[in-house]
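K.L.:
I am attaching a structure below and will ask some questions about it afterwards.
The values are calculated or read from the model by the stated rules, or taken from the named source; none is laboratory data. If you're wondering where the values come from, they're calculated on a predicted model, not measured in any experiment. Note that each Cβ is placed from the backbone with ideal geometry, even for glycine, and that neighbours are counted across all protein chains shown. Just so you know, the surface numbers come from the protein's heavy atoms only, side chains and all, with ligands and any DNA or RNA stripped out. Shrake-Rupley method; radii C 1.70, N 1.55, O 1.52, S 1.80 Å.
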Number of protein chains: 2
Amino acid sequence: MHPKIATGERPEQDQSHSINFSIGDLAQEFGITTRTIRYYEQQGLLDPERHGIQRLYQRRDKIRLKLILRGKRLGFSLVEIAEMIAMYDAESGEIGQLHYFLERIDDRKQRLIQQSHDIEQTLAALSRIEQGCREQLAVLEQHSRD
Amino acid sequence: MHPKIATGERPEQDQSHSINFSIGDLAQEFGITTRTIRYYEQQGLLDPERHGIQRLYQRRDKIRLKLILRGKRLGFSLVEIAEMIAMYDAESGEIGQLHYFLERIDDRKQRLIQQSHDIEQTLAALSRIEQGCREQLAVLEQHSRD
DNA sequence: ATTGACGTTTACGTTAACGTCAATTTACCT
DNA sequence: AGGTAAATTGACGTTAACGTAAACGTCAAT
């Protein structure tokens, strides 16, 4: 009689709203492969518990994964993301460390602000192109109505 | 007597505000390597004139390069950027082509909007971390004043 | 005539971020 | 108990976006 550990109900206390997740669960939920998740762990971005040999993920791991994927969408490298995660847990700091963090934070902020401008420009450009396309289409479809 | 062609003055008409640029000029201006510029050309993102064997860049090439680098900052692949450039010159369109473009444009817009949200979240998170760091620093520096 | 700064092509090397087996173990269902 | 689906580690493969080096041509200045 092996209790089902991975998704949901633990033997000790019965929580119907799942609290433990298998690697497959996470993969599906986030639309990535298990390989990717293991790779992130190998790079030090995740550190799930183990039940024997199997990985057991929980809410904190999900939150991290969210952070990671958000970082990726913004073009950060995994190393950079790892740094940011490290900063989250940074009450541990010595003074030097903290000053270093503040610098990095400022860098990241600058970069994000730059990106924000880039997005504005690009959205505007895309809208212009879109408009052009629609006009062309109007012309062409008019012609083809003869 | 060989006229200097690359940067600025052509023999025929004297324009004091440079109109032609060497690959080195561009590299320096944009802070990238010549290798990178040639690579972009090889991937079909640039198509400079030639004076003999040498590449001659002009304003339009600069504008393209700006577009390329902006795209890169947003995490677009070179292929995606090439597509966008193609869309710029898209009066050439057949109907199918135009519809395809409109779809792609919508994709890109969605993605940019997502990124915009991600930036908000990340900036907010970074500000919180920054605040935490500053507080820790205040504590530590107070302690070290004894 | 040589030197030095720049340009050219060709080609192989490198790194990040996974994909893709393969061989094996574990979990779950009947 | 036995079969199948899912998990594990390990290893090699792959792609994009350049880096780097070699081997050479061109031109201006010394």
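K.L.:
Taking A:LEU78, is it of a type in the set (A, V, I, L, M, F, W, C) and more than 7 Å from chain B (Cβ to nearest Cβ)? First the steps, then the outcome.
P.N.:
Values: of a type in the set (A, V, I, L, M, F, W, C): yes; more than 7 Å from chain B (Cβ to nearest Cβ): yes.
Considered against the rule, which asks whether it is of a type in the set (A, V, I, L, M, F, W, C) and more than 7 Å from chain B (Cβ to nearest Cβ), A:LEU78 comes out as yes.
K.L.:
Could you check how many residues of segment B:113-146 are part of a loop (DSSP other than H, G, I, E, B) and within 9 Å of another protein chain (Cβ to nearest Cβ)?
P.N.:
Step one: filter segment B:113-146 for residues part of a loop (DSSP other than H, G, I, E, B), giving B:144-146.
With the extra rule that they be within 9 Å of another protein chain (Cβ to nearest Cβ), the set shrinks to B:144.
Of the residues in segment B:113-146, 1 are part of a loop (DSSP other than H, G, I, E, B) and within 9 Å of another protein chain (Cβ to nearest Cβ).
K.L.:
So which residues in segment A:85-108 are assigned to a helix (DSSP H, G or I) and more than 7 Å from chain B (Cβ to nearest Cβ), if there are any at all?
P.N.:
So in segment A:85-108, the residues assigned to a helix (DSSP H, G or I) come out as A:85-88, A:95-108.
Residues satisfying the conditions are A:ILE85, A:ALA86, A:GLY96, A:GLN97, A:HIS99, A:TYR100, A:GLU103, A:ARG104, A:ASP106, A:ASP107.
K.L.:
Additional query: Could you tell me which of the residues B:ASP118, B:ASP47, B:ASP107, B:ASP61 is modelled with pLDDT of 95 or more, outside the structural domain of B:ASN20 (by TED's automatic domain parsing) and in contact with a helix residue (DSSP H, G or I) (Cβ under 8 Å, 6 or more places away or on another chain)?
P.N.:
Working: B:ASP47 fails: outside the structural domain of B:ASN20 (by TED's automatic domain parsing); B:ASP107 fails: in contact with a helix residue (DSSP H, G or I) (Cβ under 8 Å, 6 or more places away or on another chain); B:ASP61 fails: outside the structural domain of B:ASN20 (by TED's automatic domain parsing).
Going through B:ASP118, B:ASP47, B:ASP107, B:ASP61 in turn, the sole match is B:ASP118.
K.L.:
Among the residues of segment A:62-104, write down those that are more than 16 Å from DNA strand C (Cβ to nearest atom) and within 18 Å of the chain's Cα centre (by Cα).
P.N.:
Taking segment A:62-104 as the starting set, the residues that turn out to be more than 16 Å from DNA strand C (Cβ to nearest atom) are A:62-63, A:87-104.
Of everything in segment A:62-104, those that are more than 16 Å from DNA strand C (Cβ to nearest atom) and within 18 Å of the chain's Cα centre (by Cα) turn out to be A:LYS62, A:ILE63, A:MET87, A:TYR88, A:ASP89.
K.L.:
Still on this structure, I have one more. In segment B:20-67, what count of residues is obtained for those that are closer than 22 Å to A:ILE119 by Cα, open to solvent by 50 Å² or more (accessible area, probe 1.4 Å) and within 13 Å of DNA strand D (Cβ to nearest atom)?
P.N.:
1
K.L.:
Then there's this: Please work out which one of (1) within 30 Å of B:ALA138 (Cβ to Cβ); (2) open to solvent by 80 Å² or more (accessible area, probe 1.4 Å); (3) away from DNA strand D (no atom under 16 Å from the Cβ) is the condition A:ARG134 fails and give its number.
P.N.:
If we test A:ARG134 against (1) within 30 Å of B:ALA138 (Cβ to Cβ); (2) open to solvent by 80 Å² or more (accessible area, probe 1.4 Å); (3) away from DNA strand D (no atom under 16 Å from the Cβ), just (1) comes out false.
K.L.:
Go through segment A:68-98 and report how many residues are surrounded by 13 or more Cβ atoms within 10 Å (Cβ to Cβ) and under 29 Å from B:LEU140 (Cα atoms).
P.N.:
Step one: of segment A:68-98, the residues surrounded by 13 or more Cβ atoms within 10 Å (Cβ to Cβ) are A:68-76, A:78, A:80-88, A:90, A:93, A:95, A:97-98.
Still in the list and also under 29 Å from B:LEU140 (Cα atoms): A:80-88, A:90, A:93, A:95, A:97-98.
Residues flagged as surrounded by 13 or more Cβ atoms within 10 Å (Cβ to Cβ) and under 29 Å from B:LEU140 (Cα atoms) within segment A:68-98 amount to 14.
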